[in-house]
Structures are given as structure tokens and as C-alpha cells.
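The values are calculated or read from the model by the stated rules, or taken from the named source; none is laboratory data. Just so it is clear, the structure is predicted and the values come from calculations on it, not from any experiment. Backbone-built Cβ (ideal geometry, glycine too); neighbour counts: all protein chains shown.
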Amino acid sequence: MASAQSRGVLLAAAACALMVAGSARAAGEGAGRLWLEARGQELHQQRSTLSQVARAAMPAVVSITTRQVSTEAPAEEQKGIGSGFIIHPDGYILTSTHVIEGASEVMIKVNTPDGYQEEFPARIVGQDERTDCALLKIEAGHRLPALKLSSASHVEVADWIVVIGSPFGLEHSVTVGVISYKGRTDVTPNGREGDYDYLQMDASINPGNSGGPVLDLHGDVVAIANAVNVAGQGIGFAVPIDIAKAVLPHLKAYGHVRRGWLGIDVLDYSPEVAEELGLSHSARGVVVSSVAADSPGFRAGLRPGDIIVGLGTQRVERAHQLRWQVAARGVGKTVVLNIRRGQQPMKLRVKLEEPPASEVAAPAVASRGSPPRKPTSSRLGPDRAGLPVTPAAEGPEFEPGATPSP
């Protein structure tokens with residue numbers, strides 16, 4: 001009897017629970033509901049997508065260790081750690097230049113399909129300090145898994161991303177987050193001037209993550225993990241993969257980037273610049289502030305006060321855009337500049353040259369700081385990218401996400 005009563009109580013409790021759940025559902029779906037019902041399967045699908053991306057990409061992500069002999073104390077050596085990823089089955093690996101900078105030996109660890117690790121010495125094919133991109137090559141004796149390179153234009157602010165790397169030597173660590181901002185041009189890691197146009201993200205990255213891939217939900221690379229704000233949390237930076245795609249052919253062919261050179265100084269257009277140079281306040285574009293004698297720009301007819309509004313079919317609105325577009329075209333390419341001189345529109349054809357020996361380290365188009373503008377989104381494509389013109393403002397210190405270890 002007691003047993004039957006117990007079963008009756010249990011059945012009654014279950015029935016009551018079902019009635020409550022049914023009532024809640026009915027109330028939630030009714031016209032006067034007080035909440036929107038969550039769909040658990042959607043969350044599960046998103047979580048499943050993130051884990052699938054990480055698992056699929058893992059075999060192509062490598063850890064990098066370097067050895068560097070100190071010039072001051074030859075008996076001492078420094079070891080460094082970083083990350084990278086395979087971009088071609090023949091063993092080509094993309095990473096950050098600062099990961100392998102000054103290294104006398106670079107070793108790559110690759111995960112095998114059966115879960116073991118293989119280690120190979122790497123040859124530095126080419127590196128570029130201004131974009132912080134480096135190309136390595138290993139001879140594995142067999143084809144390797146490789147990641148596909150996409151475009152930073154395929155992700156927007158608040159889109160999910162996956163980062164894989166070796167923070168503090170913890171190999172194949174996965175973090176996830178969202179894109180926080182696109183087009184950070186006011187960040188200079190360790191004060192290094194360069195061609196940066198960072199994606200900011202809140203996925204956790206740390207020293208050792210540098211050179212690792214930033215993946216979209218399709219599992220394709222959209223950026224390279226590069227720098228971290230040492231004074232903050234959830235503030236990391238990555239180089240758009242479009243920039244790497246622009247320099248990779250140079251690194252493979254020449255070992256460095258042969259940037260096109262115009263030989264001009266430019267300023268972002270602003271009311272202050274217009275006032276200083278006596279220009280129309282309704283103008284738009286990039287203002288030429290000076291032209292080097294006997295430079296490609298000078299021979300093409302560019303003059304101080306000209307406003308460059310386009311390069312070929314692409315509009316130019318910021319100095320850093322022009323600088324990158326000219327540099328990425330390369331030596332020997334002919335470009336068409338759309339300019340305004342006063343109220344007169346003009347087109348000038350310019351054949352880009354290699355910078356003089358005294359200016360090899362200088363940018364293709366120089367610029368000085370202009371008053372800050374309202375932030376805008378950066379849409380990057382294979383032939384379109386913006387790069388910074390001013391150093392970071394006073395504030396938190398940024399540093400590359402790689403570190404030496406004793």
C-alpha cells in the first residue's frame with residue numbers, strides 16, 4: 001500500500017511538473033508573454049561550430065621555438081616561443097617576423113594525424129618588419145595539412161573568431177571571442193612603426209600566441225595574432241590576412257618586400273589642414289604637403305597642395321590607405337592618381353620606383369600626424385587596406401605576443 005502511495009505521489013509530482021512546464025510554455029507563447037523563449041538548439045549549434053573549427057584547424061597550426069646567441073655574451077643564448085600555421089602542403093608556414101627575428105635557429109613542431117609530434121628545422125624564406133609577416137619553409141618529406149586564407153572583410157564587429165597558438169609555450173591552446181573593432185591604426189607594438197591595420201579582438205592571447213591563426217566560423221584564416229595590451233584584459237590585436245597575402249609573393253620571390261615609392265609627403269584632410277594650406281573646406285581626399293625632388297611623384301607633376309582623391313578605381317580618403325596601396329603595388333608598376341588642383345580635376349600616371357638607398361626603411365608615402373577623426377570601419381580586400389600614420393597616443397603599452405624564455 002505504501003509503495004503504491006509513493007508511486008502515486010511521484011506520478012502526481014511528475015504530472016504537476018508537466019502542467020507547470022506546459023503552462024509556462026503557453027504563457028511564453030501567448031500574446032501577453034513576458035519573455036522571449038530561448039532556443040537551446042541554436043546555442044548548441046554555435047558551440048558545435050566553434051569546436052569543429054578548432055578541431056579541423058589544429059593539425060595545420062605549429063609551435064615555433066627559436067634560439068638566439070647573444071652578441072654581448074656569446075656564451076649565453078636566448079630561447080623564444082611563438083606560433084605559426086601551414087599555408088601550403090609543401091611546408092610553407094606563415095608567422096610574425098618578431099617571432100623569428102634575430103634567431104640563429106628556428107624549429108617547428110607539427111602534430112601528426114596519430115597524435116604524435118614531429119620537429120623540423122625551418123628555413124627563413126623571407127620576412128618583412130613593417131607588416132610583421134614572415135614566411136618559413138620546412139622539409140617534412142610528405143604533404144602537410146594547410147589552412148585556407150580568407151579576407152578580413154569577411155568578418156565584422158561582434159562576429160565570432162577562434163584563435164589557436166602556444167601562449168607561454170602551452171601548445172595548441174584554443175581561445176574564442178569576437179571582433180571588437182576593425183581598422184586600429186593608432187597601435188604601435190613596442191613603439192615600432194609599421195604597416196599595421198589591426199583587427200581588435202577580445203579572444204585571450206598572450207606572449208607565445210604571435211603568428212597563430214585567427215579563424216572565422218568557416219575555419220578560414222582572417223588574421224594573424226600579433227600583439228597584446230599588457231595593461232588590459234580582453235584587448236588583443238591581429239594583422240589582417242589581406243596584408244599578408246599582399247606581401248607573401250614578395251617574400252617568396254625576393255626574401256623581402258619591394259615596395260613601390262612615390263616620394264611624397266601627405267596629410268589626412270581636415271578643417272585644420274584646409275585652414276593651414278588655404279584649401280576648400282568641402283574637399284575630400286589626401287593632401288600632398290611636399291614632393292621630393294626628382295622623385296616619381298615630382299616627375300609625374302604632383303605639387304604641394306594637390307589633393308589625391310583616388311588611386312586607379314579606388315577612392316582614397318586617408319593617408320594610411322594611400323601609403324599601403326602604393327607600397328603593395330610594388331616596384332615598376334604604373335598607377336593612375338586622381339587629383340584635384342584647386343577646382344580642377346586631373347589624372348596623373350606615375351611609374352613607381354624603388355626607394356633610394358637612404359630611404360629604404362622609409363614608407364612608400366610619408367605622412368605626419370593629423371587631427372584625429374571619428375573612427376570608421378576598415379573594409380579590407382585583396383587590393384585594399386589601410387595602414388597607420390601616427391604612433392599610438394600616450395597610454396597603455398602594447399607589445400608583440402611573443403616572448404623569450406631563459
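Restricting attention to the stretch 248-258, the residues being touching a helix residue (DSSP H, G or I) at 6+ places or on another chain (Cβ under 8 Å) and within 15 Å of Thr97 (Cβ to Cβ) number 2. Taking the conditions (1) modelled with pLDDT under 95; (2) β-branched (Val, Ile, Thr); (3) more than 30 Å from Thr112 (Cα to Cα) in turn, Ile179 satisfies each one other than (1). Determine, yes or no, whether Arg143 is basic (Lys, Arg) and in contact (Cβ under 8 Å) with a residue 60 or more places away in the chain. Taking the combined requirement at face value, the residue does not satisfy it.
Kindly indicate whether Val187 is modelled with pLDDT of 90 or more and within 22 Å of Ile100 (Cα to Cα). In short, no. Considering every residue within the stretch 177-187, establish whether at least one is of a type outside the set (Gly, Ala, Ser), within 14 Å of Gly212 (Cα to Cα) and in a strand (DSSP E or B). No - not one qualifying residue is present in the stretch 177-187. For Ile138, the requirement of being modelled with pLDDT of 95 or more and in contact with an Asp or Glu (Cβ under 7 Å, 6 or more places away or on another chain) is not met. Of the residues in the stretch 162-173, at least one is buried (at least 24 other Cβ atoms within 10 Å of the Cβ), part of a loop (DSSP other than H, G, I, E, B) and at pLDDT 90 or above. Just for the stretch 62-101: of the residues that are β-branched (Val, Ile, Thr) and either within 16 Å of Phe168 (Cβ to Cβ) or over 22 Å from the mean Cα position of the chain (by Cα) (or both), which one is surrounded by the fewest Cβ atoms within 10 Å (Cβ to Cβ)? Per the criteria, the residue is Thr71. Tallying residues that are assigned to a loop (DSSP other than H, G, I, E, B), surrounded by 15 or more Cβ atoms within 10 Å (Cβ to Cβ) and either at pLDDT 85 or above or on the phi > 0 side of the Ramachandran plot (or both) within the stretch 273-298 yields 3. Within the stretch 177-199, take every residue that is within 13 Å of Asp132 (Cα to Cα), of a type in the set (D, E, K, R) and surrounded by 21 or more Cβ atoms within 10 Å (Cβ to Cβ) and give me the one that is farthest from the chain's Cα centre (by Cα). Going through the qualifying residues, I end up with Asp195.
Return yes when Gly236 is touching a residue at least 60 places away in the same chain (Cβ under 8 Å), under 19 Å from His98 (Cα atoms) and surrounded by fewer than 18 Cβ atoms within 10 Å (Cβ to Cβ) and no when it is not. So Gly236 fails the test. Considering only residues in the stretch 129-154 that are surrounded by fewer than 17 Cβ atoms within 10 Å (Cβ to Cβ) and assigned to a loop (DSSP other than H, G, I, E, B), the one that is nearest to the chain's Cα centre (by Cα) turns out to be Lys148.
If you filter the stretch 216-234 down to residues that are among the hydrophobic types (A, V, I, L, M, F, W, C) and in contact with an Asp or Glu (Cβ under 7 Å, 6 or more places away or on another chain), you find that the one that is nearest to Ile64 (Cα to Cα) is Ala227.
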